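The values are calculated or read from the model by the stated rules, or taken from the named source; none is laboratory data. None of these values were measured; they are calculated from a predicted model. Here Cβ is always computed from backbone atoms with ideal geometry, including for glycine, and neighbour counts include all displayed protein chains. What goes into the accessible areas is simple: the full protein's heavy atoms, side chains included, and nothing from ligands, DNA or RNA. Shrake-Rupley method; radii C 1.70, N 1.55, O 1.52, S 1.80 Å.
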Amino acid sequence: SLILSFLWFLPLLNYAQVVNRGAILISDSSSNISTTYAVVIGISDYKEVSPLNYAHKDAEVFTNYLLSKDGMGLDSSHVKLFVNEKATLQNVGNAISDIILNDLKKGDRVIFFFAGHGDYDANILKDQALLLLYGAPKQNYFQNIFSGDFISTSDLNSRFVDPLAAKGC
C-alpha cells in the first residue's frame, strides 16, 4: 500500500514542479518610455597582445541578442559593436561620448559589454584595472598613458558611469 500511495502522489509532485518552474516576468512600466543604448566590444586579434579565441564572437552573439526580437529587440542605431581592429580608443570613446551627449532621460539604460584582455599594474595605476583595446601595448602602460589603446576602469567610471548615473540612467 505504501508503493500505491507513492504512485498516487507522484502525478501531484510532477504537477507542482511544472507549476513552480521557470522565471516570473515582472512587468516594467518604465520600459515603454525608456531607451536602451549599448556599446559592445570584443577583441580576439590584438595588434601587440596575445590573441584570444572567442572574445569577438562573444560580442557578436551578445549584439545579436540585443537586436533580436527574441532578445531585447533594441533599435540597431542604439547598438555600437566594435570587434578586433575596430575596437580602438578613438572609436569606443566616440561612441561613449555620443551616448552621453544624447538627450538621455531618467530611466534610460546603457549597456557596456567588454570581452577581451584586461590588466592591472599596481605600481603605476593604483586602484584601477585596464581594459585592453586593439592597439594596447604588451606592457609599460605608464609610458602610453596618454596615447595607449586601453580604458582604465577609473576613467570609465568617472567619465561614463558617473555622468549617466547623475542623469538617472
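Numbers at a glance
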item: Leading residue by the ranking (modelled with the highest pLDDT) among those in segment 142-160 that are in a loop (DSSP other than H, G, I, E, B) and surrounded by fewer than 14 Cβ atoms within 10 Å (Cβ to Cβ); result: Ser147
item: Single condition Tyr54 does not satisfy, out of (1) under 17 Å from Gly42 (Cα atoms); (2) modelled with pLDDT under 95; (3) surrounded by fewer than 14 Cβ atoms within 10 Å (Cβ to Cβ); result: (2)
item: Number of the condition not met by Gly116 [criteria: (1) open to solvent by less than 60 Å² (accessible area, probe 1.4 Å); (2) in contact with a strand residue (DSSP E or B) (Cβ under 7 Å, 6 or more places away or on another chain); (3) at pLDDT below 90]; result: (3)
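Here's the yes/no breakdown for (1) at pLDDT 90 or above; (2) outside any loop (DSSP other than H, G, I, E, B); (3) surrounded by fewer than 13 Cβ atoms within 10 Å (Cβ to Cβ); (4) of a type in the set (D, E, K, R):
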residue: Met72; (1), (2), (3), (4): yes, no, no, no
residue: Leu81; (1), (2), (3), (4): yes, yes, no, no
residue: Asn91; (1), (2), (3), (4): yes, yes, no, no
residue: Ile111; (1), (2), (3), (4): yes, yes, no, no
residue: Asn123; (1), (2), (3), (4): no, no, yes, no
